[in-house]
1. Among what's in segment A:558-584 and is in a strand (DSSP E or B) and touching a Lys or Arg at 6+ places or on another chain (Cβ under 7 Å), pick the residue that is surrounded by the fewest Cβ atoms within 10 Å (Cβ to Cβ).
2. Look through A:D172, A:D213 and report the one residue that is open to solvent by 70 Å² or more (accessible area, probe 1.4 Å), of a type in the set (D, E, K, R), out of contact with any His (no Cβ under 9 Å at 6 or more places or on another chain) and near RNA strand B (Cβ under 9 Å from one of its atoms).
3. Considering A:G423, A:G381, A:G411, which residue is within 28 Å of A:K225 (Cα to Cα) and more than 16 Å from RNA strand B (Cβ to nearest atom)?
4. Any residue that is open to solvent by 60 Å² or more (accessible area, probe 1.4 Å) and either outside any helix (DSSP H, G or I) or touching a residue at least 60 places away in the same chain (Cβ under 8 Å) (or both) - is there at least one of those in segment A:248-264?
5. I'd like the full set of residues that are within 16 Å of RNA strand B (Cβ to nearest atom) and either of a type outside the set (A, V, I, L, M, F, W, C) or in contact (Cβ under 8 Å) with a residue 60 or more places away in the chain (or both), limited to segment A:265-285.
6. Return yes or no: is A:D781 touching a residue at least 24 places away in the same chain (Cβ under 8 Å), open to solvent by 80 Å² or more (accessible area, probe 1.4 Å) and not basic (K, R)?
7. Sort through A:A67, A:A88 and tell me the only one that's under 28 Å from A:V534 (Cβ atoms) and either touching a Phe, Trp or Tyr at 6+ places or on another chain (Cβ under 8 Å) or buried (at least 20 other Cβ atoms within 10 Å of the Cβ) (or both).
8. Report every pair of residues separated by at least 6 positions or lying on different chains whose Cβ atoms are under 8 Å apart, first residue within segment A:799-817 and away from RNA strand B (no atom under 14 Å from the Cβ), second open to solvent by 70 Å² or more (accessible area, probe 1.4 Å).
Amino acid sequence: MNNKQDLEKKWQERWKSNLSFNASKKPDKKKPKYYVLEMFPYPSGNIHMGHVRNYTLGDVVARYKKANGYNVLHPMGWDSFGLPAENAAKENNIHPSEWTNKNVNTMKEQLKSMGLSYDWSREVSTCDPQYYKFEQKMFIDFFQKGLAYKKESWVNWDPVEKTVLANEQVIDGKGWRSNAVVEKKLLNQWFLKMTHYAEDLLETIESLTNWPDRVKLMQNNWIGKSLGANISFKIIEKDEKIEVFTTRPDTLFGASFIALAPSHPISLNLSKNNSTIKNFIDECNKNSTSEAIIEKNEKKGIYTNLNVVHPFDEGIKIPVYIANFVLMEYGTGAIFGCPAHDQRDLEFAINYKLPVLPVVKPKNYIKSDYKITDTAFTDDGVIINSSFLNGLNVTDAKKRAIEELERMNSGKSSTTWRLRDWGISRQRYWGCPIPIIKCNYCGDIPVPTEELPVELPYDINLDSPGNPLDAHPNWKFVKCPKCNKSAERETDTFDTFFESSWYFIRFTDPDIDIPFSKSIANYWMPVDQYIGGVEHAVLHLLYSRFFTRALKDCGYLSISEPFKGLMTQGMVCHQTFKSGDGKWVFPHEVEKKNNKFYHTVNGNEVFSGRVEKMSKSKRNVVDPLSIVNKYGSDTARIFMVSDSPPERDMEWSNAGVEGSYKFLNRILRIVNETQKPKKLINLDLVDNKNTVIKKIHQSIKDVTDGIESFRFNVCIAKLYELTNMISKLDSKTDFETSLKFYGLEILAQLISPFAPHHAEEIWSLMGHKILICDTDWPKFDKRFLSVEQISIGVQINGKLRGNISYNKNAEKEEIQELALSLSSVKNRLGGEKPKKVIIVPERIVNIVV
RNA sequence: GCGAGCGUGGCGGAAUCGGUAGACGCACUGGACUUAAAAUCCAGAGAAAGGUAACUUUCGUGGGAGUUCAAGUCUCCCCGCUCGCACCA
């Protein structure tokens, strides 16, 4: 224990006994509501710096909004289902639930030591049957509404462990534990019909004005609405057609091949009596299911011996290939390749020596010998080599081509989405059981509501291969609720994104025995400010947006957008260190001497590497607890926000932490050294030319604006400035003393969202009885913000040559005269008259010569 | 590969609208206090060249081009790094 910990504990206990941060149970009619939420953590064992940053950001907002008179909801919980618990179980022989609950308890204590303003009475943990039973009901509602369905889909299959692998468990095409070559396997799985809301999910993005543009763009591109055409190509060798989707019907005359997905029905059909094709498809199926890996692979294909006829010219014959880069999930699972105007197609054509005929020419290209060599031309231009499309631009040619296809009955305009339905089946133990009973006679029957929750069995063997629930001796064997014959439970569990798609609504009413009450959810929702990592920019946020819509359509609540405001924070990075033999070294084992680094234990020299995201594998982690123990959590919080803007990556540095620590101590010292005034200040009697009062009120404005716009680092800089000024103030007269005291009061309030414990401490040192967290946010008085004398730069030809100062009421002529009378300007003009003088009042004077 | 973002002194960063680049902090240097150190306080500082000095000049926001009276900010190209790519959360 040190005095920082005592200080912080004292105030944490006060907040706790005062219920300072408990949100009202019922809607508060007198105050506007504000819901602040940080992405809840996966209980991996200990909090890390990423959490500290995330939760500090949220806490600043929550405390600031409370001070501004809002009824604030600021809850915390645990995203406690997931793969790591199963891995830990296998490695350490501990049950996933024990491991998880132990971690939850540890991390909760750690979070509590940070003094975050959570309403802990609302805590939820998603692995609790009292939580997941509600989502089982939701799933059944989705199922009955046609929003959940079953279909076959590919998974990564480890043939040795007989288990499905997550993409991250596949390393270089091999299983991470077994090292066996991973295969793709088709499994019958549950899906949620996210595509049902594709149009709405896309269109509503625009209305999310408090979301970062980049996240909106990413979601836009992810949903990926493409307007184009479906075209059918007649196969010459048999009486069959290939349906192709394209966004570029204008380039149809440049088509030099057709490419089918390896799992396209025609491909599969051909493979039945052609071993070369079968081998090729098998080869493709050894590939990962990861789109990134598929696209990075070399473009490969195999000729099918089939050819199609060009729809616009029966004389043109186009070969049909099966290609590893065509996805069955997108469009029709078949494309036509136009190498001249698509880079992937071009690479493929070069590999297989297929013709490359340009059909779009850049507008400014006059000569007639336009050729494509190694770069496809994808911009707008003039159509060439294309019969009736010649001379048109790309947009018009698209239209014209579709008209013609429709007239000939061999194609039509069509819309395709990149967005796919959400596959939610996982062949794992530590997840929420899917509440379905598979009956040979009745099909898939939902578990009756009164039998929910379907709880996970505790006695489970995670060491045997295969799906643990499927392998359990009796768990899956039940009677069909409909016909009462023997049936089996669904043994898959939900994707853990399922839990995190509605936890934010559960927080609004976490004790009720329905998922949440509609009226209370309607009161608190949407989340006004959601804060978390950018890595969730697409999936989690899109799933939640979908889920809220589905819940709305099932009558659960009345809103469809869950998150009104979004802030995506950057990563916490740290310098890496390696020993001479190339092993990673923990930063706390490194000391610096004469600009070289040495290992504190063995004394050997170590070498500093790049600054990278903190990760256990690179050992460049700093344990938040060690920081809290040594400096207190306020220091950690101040440092978290002081250096980098929240959305950008930040670098953890010891020197920075020391700086924050000194800053807080300095404020404490100033308060201790400042005597209490005989009389408090009366602002009405203070002259608006007084620079001290001006600085104080400017600080209120700057810090307020900074918090509102998430520029917390600027807030801290402004607080430093205010502190620097206050520390230099005299207190010889009563007026000076009361002014300094007033400045300190404002400083305490302005710093309270960032360093809440110290703010309380100095507030009480100054003699206040109520908690600072219960005070109103200070307001600035415009009277003290006015600037009389304006100082601006004077440029000649855009280069700064001096500056002038004038009264804010000065006319343009006066400003010009002042600028031209500067000796530095006169010297440069040498008596000549300037060509032009640009005067932007309160900004700049630029003299053009 | 595709989509998105970022790049400013020795370092983290500031510059809200295209208008005095480098606020604030760290590290550094000098001074005060101290037997000494730590802590604290005061002062200095983008780089280069010139000057005893006050100062002067030139360069400068990853690189290159462009728009503009004026570009860290807008446009195009290039380089580097980061995130996401549907079973990690």
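The values are calculated or read from the model by the stated rules, or taken from the named source; none is laboratory data. Remember, predicted model here, so these are calculated numbers, not experimental data. With ideal geometry, Cβ positions are generated from the backbone for all residues, glycine too; neighbour counts draw on all protein chains shown. These area figures cover heavy atoms from the full protein model, side chains too; ligands, DNA and RNA do not enter into them. Shrake-Rupley method; radii C 1.70, N 1.55, O 1.52, S 1.80 Å.
1. Restricting attention to segment A:558-584, the residues satisfying the condition of being in a strand (DSSP E or B) are A:563, A:565-569, A:572-579, A:584.
Now restrict to residues that are touching a Lys or Arg at 6+ places or on another chain (Cβ under 7 Å): A:569, A:572-573, A:576, A:584.
On the way: A:Q569: 26, A:V572: 23, A:C573: 20, A:T576: 20, A:W584: 16.
Among those that are in a strand (DSSP E or B) and touching a Lys or Arg at 6+ places or on another chain (Cβ under 7 Å), it is A:W584.
2. Of the residues listed, the single one that is open to solvent by 70 Å² or more (accessible area, probe 1.4 Å), of a type in the set (D, E, K, R), out of contact with any His (no Cβ under 9 Å at 6 or more places or on another chain) and near RNA strand B (Cβ under 9 Å from one of its atoms) is A:D213.
3. A:G411
4. No: segment A:248-264 contains no residue that is open to solvent by 60 Å² or more (accessible area, probe 1.4 Å) and either outside any helix (DSSP H, G or I) or touching a residue at least 60 places away in the same chain (Cβ under 8 Å) (or both).
5. Scanning segment A:265-285 gives a single hit, A:N285.
6. no
7. A:A88
8. Hits for this filter: A:N807/A:Q789.
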